[in-house]
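Below you'll find the structure, written out as structure tokens, and then a few comments.
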Amino acid sequence: MLWVFVLEQYDVWYDGLTPAKKVVVDNTPVPEIVEKIRNNDRNGSSVIKYGMDKQASQMWNGLVGIQYQANKHWQFRSEAGLIGDRKSFLFSVNYRFLGFKTK
């Protein structure tokens, strides 16, 4: 059963944590959820209620980018987010199929 596998993987993961990380995990809803899964009957009637406050840690993230078109077919693009707490990097290669030539 899937719930047995999930609980075993959680136990392996938790046992591998450092004591400091275990303190962090213990101060989250995760242990309560795991115990509810362990203690409830396994007929699928278990309900786990949760909430989430999702928001950006900073309102702005500065981006720096460059784009280069080698010829009519090939285009290269790179972009990096450098300012603030969020770090990101994007690299893309595009190939353009040209349409039919008109006379």
query = How far is it, in nm, from the label point at Lys54 to the one at Ile37 when both lie 7 Å from their Cα along the line to the Cβ?
reply = 2.0 nm
ask   = Just in region 1-102: which trypsin sites (Lys or Arg not before Pro) are loop by DSSP and have at most 14 other Cβ atoms within 10 Å?
value = Arg42, Lys49, Lys54, Lys72, Arg86, Lys87, Arg96, Lys101
ask   = What percent do you get for the relative contact order of the chain when only Cα pairs under 8 Å and 6+ apart count?
value = 15 percent
query = HN-Hα J couplings of region 83-90 from phi, Karplus 6.51/-1.76/1.60, θ = phi - 60°, integer Hz, Gly and Pro as x?
reply = 9, x, 7, 7, 10, 8, 8, 9
request  = Within region 55-103, report the chymotrypsin sites (Phe, Trp or Tyr not before Pro) that DSSP leaves as loop and that have at most 10 other Cβ atoms within 10 Å.
outcome  = Trp60, Phe97, Phe100
request  = Give me the number: length gained by fully extending Ala80 to Asp26, i.e. 0.36 nm times residue separation minus the C-alpha to C-alpha distance, one decimal in nm.
outcome  = 15.9 nm
Placed amide H near Asn40: partners under 5 Å, 5+ positions off or other chain = none
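Where a number appears in this text, it was derived from the coordinates with a stated rule and is not lab data. Computed from a predicted structure; not experimentally measured. Neighbour counts are summed over all protein chains in view; Cβ atoms, including those assigned to glycine, are modelled from backbone coordinates with ideal geometry.
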